[in-house]
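I have placed the structure first, in the form of structure tokens, so that the comments after it can refer back to it.
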Amino acid sequence: MASASALLAALCAQGCGEAPGPATPWRVVREDPTDVPMRGLSPEEQSGFDRGDVLFARQYLPSQGLGPLFVRSSCESCHASDSRGPGFVERAIAVADDGYTPATDQSLMPFGPVLRPYFVAPATRGLDAPPEGTPGLLRSLRLGPAVFGRGWIEAVDDAELLRVADEQQRAGRVHGRVPRLADGRIGRFGLKSRVATLEEFAADAYRGDMGLTSPLHPTEAPNAEGLTDDQLPGVDLDISAVRDVGAYLRALAMPRREGLDARGRELFERARCSDCHAPSLRTRADARPSPLASADAALYSDLLLHDMGASLADGSVEGAAGPRDWRTAPLMGLRFFRSYLHDGRARTLEEAIRMHRGDGSEANPSVDAFEALPPSERAALLEHVGRL
Ligand code: HEC
Ligand code: HEC
């Protein structure tokens, strides 16, 4: 919230992002460690952050443009404290016999795969899936992922991603693909990397999740009643709202880590986790805010698309990603999550690792390597990952 963030900003002037010493002011920061700005923002960047912070938390009303259909009425309901969930998006896709390849006939879901169960007048119904058990229909769920630290994801140099993809091809252990978009840019956001920048993602989320149109997406999402507007005539948001939320997301700090040691790092490599969960990636020299420039961003992701096999497949094809592909999940801030994987199906870290296994999954050898570790080393690896 805005007032808390102003207070935290004041405290952060003393050094957010570094290992805390014994001094006490840190306690306040530690209570809400996921919703703080990075250190070193200019006054202008700080005020953009503060304005975006308010918008991110706002519960929109129909009179402010919510609807006609929507999934939730605020960003925070799916990204509480800028972390994961509790809100989610449900999808339904008609699939072929293999259970995940999208069928050519999508007439079961004529308005696209995303369900939008809630609505406000003039709409009289939402967009629901055909009944459970409809043959040939794959239903899936995406928990709102964490949004902290995303400034670093945006700032990673294109050349760095190309270099990592090349290196993977040469080593031949995993085969990450650069999520190239139709316009030639590299996608970074969304679980299948279909969007290149934070502003574009914010505008996409405003419309897709909340029914709030903006200059970047001036028309409402397709719906069964053919509605093109809601209770607020015309485009609902002006461009400054999109920019402010973008500035807020970009300037959110990366959660601090403590207690990572050489043994944990070595096990993370030995189990081949680092093949995909690259411990750090280099950012561009001209990235802004300035703390993002020329940094080694400890994302624990290569930001590339990997074939994760049949059991994690959700049937959705987005940009360069096929129905079994996912962007390597960034493990930064993992210690704030209570469930894992795109739909939260794993309740423990160990389950999350074992669920990397599947027919055709690039991660199968890594799961084998994990399972081959003696129990004490497996425990040490889980402890390491739990601190990220
Ligand atoms: C109904 C739940 C929901 C709401 C409301 C919502 N999001 Fe999301 N958000 C998600 C889901 C699910 C994803 C993953 C989307 C995908 O893969 O396409 C996501 C992804 C994101 C990402 C990309 C994160 C990444 O790691 O790639 C950003 C940034 C984001 N949301 C910002 C916002 C903003 C800003 C708002 C409000 C305007 C918002 N979200 C509202 C559920 C939600
Ligand atoms: C072939 C690439 C690859 C390898 C190797 C790999 N992962 Fe992953 N990992 C992914 C992808 C892609 C996801 C996202 C899958 C999803 O959400 O369905 C993921 C998700 C995760 C998650 C869940 C994160 C979240 O946000 O919920 C954890 C934890 C994880 N990996 C840990 C590990 C560990 C530990 C290892 C080594 C034993 C490992 N991974 C090896 C690609 C890989």
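Observations on the structure shown:
- Scan of the stretch 266-297 for residues that are open to solvent by less than 30 Å² (accessible area, probe 1.4 Å), under 30 Å from Ala380 (Cα atoms) and among the small types (Gly, Ala, Ser), ordered by number: Ala271, Ser274, Ala278, Ala295, Ala297
- Subset of the stretch 372-382 (residues that are touching a residue at least 60 places away in the same chain (Cβ under 8 Å) and either surrounded by fewer than 19 Cβ atoms within 10 Å (Cβ to Cβ) or in contact with a Phe, Trp or Tyr (Cβ under 6 Å, 6 or more places away or on another chain) (or both)): Leu373, Glu377, Ala380
- Matching residues in the stretch 114-166 - criterion: being of a type in the set (A, V, I, L, M, F, W, C), open to solvent by 70 Å² or more (accessible area, probe 1.4 Å) and more than 15 Å from ligand 1 (Cβ to nearest atom): Leu162
- Test: Pro291 is part of a helix (DSSP H, G or I), touching a Gly at 6+ places or on another chain (Cβ under 8 Å) and within 23 Å of Asp82 (Cα to Cα): yes
- Filtering the stretch 310-321 to residues that are of a type outside the set (Asp, Glu) and either touching a residue at least 60 places away in the same chain (Cβ under 8 Å) or surrounded by fewer than 19 Cβ atoms within 10 Å (Cβ to Cβ) (or both) leaves Ala310, Ser311, Ala313, Gly315, Ser316, Val317, Gly319, Ala320, Ala321.
- Matching residues in the stretch 192-221 - criterion: being among the polar types (S, T, N, Q) and touching an Asp or Glu at 6+ places or on another chain (Cβ under 6 Å): Thr213
- Count - residues of the stretch 316-353 that are assigned to a loop (DSSP other than H, G, I, E, B) and either more than 13 Å from ligand 1 (Cβ to nearest atom) or within 14 Å of the chain's Cα centre (by Cα) (or both): 20
- Any hit, the stretch 258-265, residues being over 24 Å from Arg39 (Cβ atoms) and surrounded by 15 or more Cβ atoms within 10 Å (Cβ to Cβ): yes
- Contact map, the stretch 116-134: first residue assigned to a loop (DSSP other than H, G, I, E, B), second residue among the hydroxyl-bearing types (Ser, Thr, Tyr), Cβ cut-off under 7 Å, separation 6 or more or different chains; pairs are Gly126/Tyr118.
- Of the residues making up the stretch 288-332, those that are closer than 30 Å to Gly48 by Cα, hydroxyl-bearing (Ser, Thr, Tyr) and within 10 Å of ligand 2 (Cβ to nearest atom) are Tyr300, Ser301, Thr328.
- Search result, residues across the stretch 347-371 that are free of Cβ contacts under 8 Å to residues at least 24 places away in the same chain and more than 7 Å from ligand 2 (Cβ to nearest atom): Arg347, Thr348, Glu351, Arg354, Asp368, Glu371
- Every pair of residues 6+ apart whose Cβ atoms lie under 7 Å, when the first sits in the stretch 55-66 and is assigned to a helix (DSSP H, G or I) while the second is open to solvent by 40 Å² or more (accessible area, probe 1.4 Å): Phe56/Glu76; Ala57/Met1; Ala57/Glu76; Pro62/Gln231; Ser63/Gln231; Ser63/Leu232; Gln64/Leu232
- Gly184, sole failed condition from (1) over 14 Å from Ala278 (Cβ atoms); (2) open to solvent by less than 50 Å² (accessible area, probe 1.4 Å); (3) within 16 Å of ligand 2 (Cβ to nearest atom); (4) part of a loop (DSSP other than H, G, I, E, B): (3)
- Cβ pairs under 6 Å, 6+ apart, first in the stretch 166-191 and under 15 Å from Glu362 (Cβ atoms), second assigned to a helix (DSSP H, G or I) and within 12 Å of ligand 2 (Cβ to nearest atom): Arg173/Asp275; Val174/Gln168; Val174/Asp275; Gly176/Gln168
The values are calculated or read from the model by the stated rules, or taken from the named source; none is laboratory data. Quick caveat, the model's predicted, so the values are computed rather than measured. Heads up, the Cβs are rebuilt from the backbone with ideal geometry, glycines too, and the neighbour counts pull from every protein chain shown. Ligands, DNA and RNA are stripped out before the accessible areas are found, and what is left, the full protein with its side chains, is counted by its heavy atoms. Shrake-Rupley method; radii C 1.70, N 1.55, O 1.52, S 1.80 Å.
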